[in-house]
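> Got a structure for you, written out below as structure tokens; questions coming shortly.
Nothing in this text is a laboratory measurement; each read-out follows from the coordinates by a stated rule. Every value quoted in this text rests on a predicted model; they were computed, and no experiment measured them. All Cβ positions, even for glycine, are placed from backbone atoms using ideal geometry, and neighbour counts span all protein chains on display.
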Amino acid sequence: MSRLRFGFAGAILLALPLVSQGEESGSGQAEEFSFVELFNGKDLSNWVDVNTSPETWSVKNGLLVCTGKPIGVMRSTKMYENFILIVEWRHMEAGGNSGVFLWSDAKPEGNRLPRGMEVQMLELQWPYIHTHRNGKPRHLGYVSGELFGAGGMRAVPENPRGSRSMSYEMRCKGHGEWNRYVVVAVDGTVKLSINGKFVNGIREADGRKGFLCLEAEGAEIHFRRVSIMELPDGRAEELGMVLGRELTEKKD
């Protein structure tokens, strides 16, 4: 089952050396695929604040530090369609909440968060701290990399918990410890690896090109790596599944 379940991501990763050697650009040169650091350890030059504050995001000792307040996001300067994203992060508080949005329009609504595919980053104590009214813990599916369409984005979950997809295995570490997400996003399908193993997926998203957004949602979180490898374009433009295009026409 695992071979079938995660064959999509494996096929992409195995094909990259062949693609980089054999695919030619319009100039006749072979196109190279490599990771670009979206966080350079020095400043926020690849990011634009959307609706937080100058104090929300900062760089300290080579780490990207988010205070979590106010709730909101900052977005990438570029839009992305198909890619592999690596994010290394750690919560600093029990029950902390954050995430990264893929294919986002970067236009927050009433809850101060935008439309997009959210890759959840919840600290392991979140279900026990944010309980139901009767005191019972929330579903453990919330933590360890849940995937879901936020702000009205629709998609088909691989391991359903309602409209969300929860991980098959709980692999996230608690506050103070580093986690590593590898996200493969191609043509509306997302596969997520947590700390060395693919454990979640979602497909048929109705938005397939947009911004990346990092989320502030009430608690301090640190990032030490945000890297992206862009892959060849798909059909997002043809299908009208591009979100947030009007923001590219504005001066950042």
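> Would the stretch 170-252 count as rounded, prolate or oblate if I go by the C-alpha gyration tensor, calling it rounded below 1.5 in a/c and otherwise prolate when a/b exceeds b/c, oblate otherwise?
Since a/c reaches 1.5 but b/c is at least a/b, the shape of the stretch 170-252 is classed as oblate.
> So what is the 222 nm mean residue ellipticity for the chain from helices alone, if each DSSP H run of at least 4 adds -39500 (n - 2.57) and you divide by all residues, rounding to the nearest 500 deg cm²/dmol?
-3000 deg cm²/dmol
> Quick check: the angle from helix 7-22's long axis to the longest principal axis of the chain, C-alpha only, nearest 10 degrees?
40 degrees
> How about K209: which lysines have a C-alpha closer than 17 Å to its C-alpha, ignoring those fewer than 8 places off in the same chain?
Partners found: K78, K107, K191.
> Kindly write out, for the stretch 178-187 in residue order, the coupling ³J(HN,Hα) from the Karplus curve 6.51 cos²θ - 1.76 cosθ + 1.60 (θ = phi - 60°), rounded to whole Hz, with x marking Gly and Pro.
Running phi through 6.51 cos²θ - 1.76 cosθ + 1.60 with θ = phi - 60° gives 7, 10, 10, 9, 10, 10, 9, 10, 9, 6 Hz.
> Rounded if a/c is under 1.5, else prolate if a/b is larger than b/c, else oblate: which is the stretch 123-189, with a ≥ b ≥ c the root eigenvalues of its Cα gyration tensor?
oblate
> Continuing with this model, one more query. Can you tell me the length gained on complete extension of the stretch R245 to N111, counting 0.36 nm per residue apart and subtracting the Cα distance? Walk me through the numbers before you get to the answer.
Details: separation 134, 0.36 × 134 = 48.24 nm, distance 2.16 nm.
Gain in length upon complete extension: 46.1 nm.
> In which sequence would M153, M121 go, from the one with the fewest C-beta neighbours within 10 Å to the one with the most? Write down the numbers at each step before the final one.
On the way: M153 23, M121 26.
Going from least to most buried by this count: M153, M121.
> What is the ratio of the Cα radius of gyration of the chain to 2.2 N^0.38 Å, where N is its residue count, to two decimals?
Compared with the compact-globule rule of thumb, the chain sits at 0.98.
> Still on this model: So for the stretch 43-153, Kirkwood radius off the Cα pairs, Stokes-Einstein at 20 °C and 1.002 mPa s: how many µm² s⁻¹? Each step should come with its number before you reach the end.
Values: Rh = 15.3 Å.
In µm²/s, the coefficient rounds to 140.
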